[in-house]
Structure formats: structure tokens, C-alpha cells
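Read-outs: derived from the displayed coordinates by stated rules, not from any lab. Remember, it's a predicted structure, so these values are computed and weren't measured experimentally. Note: ideal-geometry Cβ built from the backbone for every residue, glycine included; neighbour counts use all protein chains shown.
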Amino acid sequence: MADTTTIPLTLEERLPMGEVLAVEASWDTFLCILEKGEYPVQYDEGKILSFMGYGTEEHEALIMRIGHLLASLLEGSDCQIFGSNLPITTLEAGKRYFNADCSVVEGQVERVALKGGMTAVVNPKLIVEVLSKNTRNFDLGQKFQHYKTMPALQQILYIDSESTTIISYRRQDAEGTWLIEEFSAPEAEVPVLEAGTLQLQDIYRL
């Protein structure tokens, strides 16, 4: 396994290593990088993962917009809305650490200890990922498979930053059946939990 001498700590050291970095490392090594590093990292399947792709204006605007729209839709509820720095982990076997572009927790936030004062949340009810070229395969692939194991999670929204398309996964039962819906028409209304709908044209400013 790698140690902290083979994984860059500073953003300056990280940038020349490409847009996507995947390095085999132990969980303890990951926690050291998480604690001391200057750039975002995630952890899955025994690897430290870093995605440093160019943040387009549309990608960043979509993150801000969905957060604002969710805040309006969920106003008065017992929900909290969090941004992309919220640490998320699953309770399944193995060590994992993810960041979502936006997440919603209903009621009290449940956490597990990582190291020192660092913790990760285990009970998001809604997760939103804004898809980009570098993260699309990871977000829709292995990351999604782990998200589905979280008992509290009821919905995942994938918002495409390169086309006006939203994919919604909504949990149907405790056995793990998910309803998959795709929305691309400007007048489409995207259901969000039990709170109501968001219009695709509002999300994309069409």
C-alpha cells in the first residue's frame, strides 16, 4: 500500500498528476491525506480517489441553483441541506468516504467517527450529484452502488452539466427496488422526496 510520501499533500504537487488520480492506499493513509491535504479526496475499494477536472461555470452554477431550489422546496421541514464538503460514508463492510455535490438529511444528523474530530454522515435522505466528464462514470457506477446500501437514502438526483438531462432514482421498498426516471423536457417536473417537484427549466434556467 502507498504511504503519504507517494501521495501529494499540496495542491501544487497534485495538479501535474492529471485530472483523475487513483492510488492504492490503506484507510489510515487516506485519513492522513484527508487531514493534511489541500485538495478534495474520496476513498473506495482500497484507493484514494481525486478528481481535479476543470470546474465549468455551468457545473458550479447548477450546484448553487439546486441548493437554492431545495432550500425553498423544503422550507419549514425538518431537513438540513449540505454542500459538497459534507463527508458521507456507508455502513456496509469496508471503508468508504464520499462527497456529494449536495445532500439532504432529515432530522438529526447521524455520524460515525473517523479520526480525531473528523466524522462522516451516514443518513442522507437525498443525494444530488452534478455529472461532469471526469466524474460521470464514478458517480453513476461504483459510487451509486454504495449509495444504494444506505438505509436512510430515499432518492438520488443526477444532474447532467453537459446536457439538459436529470436522472432520478427513488427507492420503492426496503428490498432495494429503485424507480428510475429521466427528465429532459423544459416543462418536466422532477419529484423530490415527498416535498413536491422542481421544474427542469428552473434548474437549468431555460
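If R0 equals 22 Å, the separation of the Cβ atoms of A185 and E110 corresponds to a calculated FRET efficiency of about 0.05.
Electrostatic tally near T56: other residues with Cβ closer than 10 Å to its Cβ, Lys and Arg +1, Asp and Glu -1, net -3. Spin-label model, E35/T177: points 7 Å from Cα along the beta carbon direction are separated by 4.6 nm.
Computed over the alpha-carbon atoms, the chain gives an Rg to Rh ratio of 0.96, Rh here being the Kirkwood radius from the mean inverse distance. Summing charges over neighbours of Q108, with a neighbour being any other residue whose Cβ is under 13 Å away from its Cβ, gives -1 when K and R count +1 and D and E count -1. Rounded to whole numbers, the Karplus 3J(HN,Hα) couplings from phi for region 62-69 are 5, 4, 5, 5, 5, x, 5, 5 Hz, using 6.51 cos²θ - 1.76 cosθ + 1.60 with θ = phi - 60°, and x at Gly and Pro.
Here the Karplus curve 6.51 cos²θ - 1.76 cosθ + 1.60, taken at θ = phi - 60°, turns the phi angles of region 24-33 into couplings of 5, 7, 6, 4, 5, 5, 4, 5, 5, 5 Hz, with x standing for Gly and Pro. Electrostatic tally near T10: other residues with Cβ closer than 10 Å to its Cβ, Lys and Arg +1, Asp and Glu -1, net -1.
Using the Cβ-Cβ distance between R205 and E19 with R0 set to 22 Å, the FRET efficiency works out to roughly 0.25. Within region 100-131, which residues have the backbone N less than 17 Å from the label spot 7 Å out from E60 along Cα→beta-carbon, could you tell me? In region 100-131, the label zone of E60 (backbone N under 17 Å from the point 7 Å along Cα→Cβ) covers 101-102, 130-131.
The phi-based Karplus calculation (6.51 cos²θ - 1.76 cosθ + 1.60; θ = phi - 60°) puts the 3J(HN,Hα) values of region 184-201 at 9, 6, x, 8, 5, 10, 9, x, 10, 6, 9, 8, x, 9, 10, 7, 4, 5 Hz, whole numbers, x for Gly and Pro. Calculated mean residue ellipticity, 222 nm, the chain: -6000 deg cm²/dmol, from DSSP H runs (n ≥ 4) at -39500 (n - 2.57) each, averaged per residue and rounded to 500.
What FRET efficiency comes out for the pair R136/A71, r = Cβ-Cβ distance, R0 = 25 Å, nearest 0.05?
0.45
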